[in-house]
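A.B. asks: Attaching a single structure in structure tokens format; questions to follow.
Here, each number is a calculation from the coordinates, and none is a lab measurement. None of the values given here were measured: they were computed from a predicted structure. Counting neighbours? That spans all protein chains shown, and the Cβs are built from the backbone with ideal geometry, glycine included.
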Amino acid sequence: MDLSVPSSLLSIERTSPDVARPGDTVTIDWTVEDVPASFVAVYFADSLGNSHQATFSGEAAYSGTAVAVVDGSRYAAGALTVQSVYVQADNRVIDYRPSGSLYKYPSGLQDPKTTTFDFSQLNINVETPVDLSVPSSLLSIERTSPDVARPGDTVTIDWTVEDVPASFVAVYFADSLGNSHQATFSGEAA
């Protein structure tokens, strides 16, 4: 077995619709040659620059489908653009970029037979009612615990936000020596 031979991408095609909404499944069919692939990932960036991926993982195969389910709370509305297509066979990796450049691991791998593909046909438009570009806006914040805190006391801070529920809020304090402390809320968006 020649370990310098990579799993070469032969074809790749989005088989799901051009538009995806929360709960929709994005499917991308792929085919490789020479060596079966055990992991394939199509990496996307949404309109805010957040990273997402459609993946295939399993028994090594010469063809398969990479899948992603659109989560409306994590995918920004707008274009979902391919950043790279990652193909792995055993410990051999080829990461194809839309520019035609490649990342190979190990670096001594042979170049794949084809290095450039029209990845633009994999791009998707996401339609979601949640506008992730709008941050939570702090409306009010108030300490509701006493002015003086002693060892073992709890410092309580009430806060209110608008526009988007907050799942994490932190208030940072410095004591008289400059030590940092924090009061946090973490949990179900409120």
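A.B. asks: Of the listed values (i) 14.1; (ii) 16.0; (iii) 11.1, grab the one calculated as mean projected area of the Cα convex hull in nm² from the structure here.
C.D. replies: The calculated read-out lines up with (ii).
A.B. asks: Which of GLY49, GLY72, GLY64 moves most in a GNM of the chain, Cα contacts under 10 Å?
C.D. replies: GLY49
A.B. asks: What is the list of residues in segment 118-139 whose amide nitrogen lies under 18 Å from a point 7 angstrom out from the Cα of ASP18, following Cα to Cβ?
C.D. replies: Residues 118-128 fall inside that zone.
A.B. asks: Additional query: If we count trypsin sites (Lys or Arg not before Pro) as exposed when they sit in a DSSP loop and have at most 16 other beta carbons within 10 Å, what is the longest stretch of the chain that avoids them all?
C.D. replies: My reading of the result: 114-190 is the longest stretch.
A.B. asks: Can you pull out the chymotrypsin sites (Phe, Trp or Tyr not before Pro) in segment 1-99 that DSSP calls coil and that have at most 15 other Cβ atoms within 10 Å?
C.D. replies: TYR62
A.B. asks: Then there is this: Hey, how many Å between the Cα centroid of segment 107-175 and the Cα centroid of segment 18-89?
C.D. replies: 23
A.B. asks: Treat segment 137-186 as a sphere of radius equal to its Kirkwood radius over Cα pairs and apply Stokes-Einstein at 20 °C in a medium of 1.002 mPa s; give the translational diffusion coefficient in µm²/s, rounded to a whole number.
C.D. replies: For these conditions, the coefficient is 174 µm²/s.
A.B. asks: With θ set to phi - 60°, apply the Karplus curve 6.51 cos²θ - 1.76 cosθ + 1.60 along segment 131-136 and write out the HN-Hα couplings as whole Hz, x wherever there is a Gly or Pro.
C.D. replies: Couplings: 8, 6, 7, 8, x, 5 Hz.
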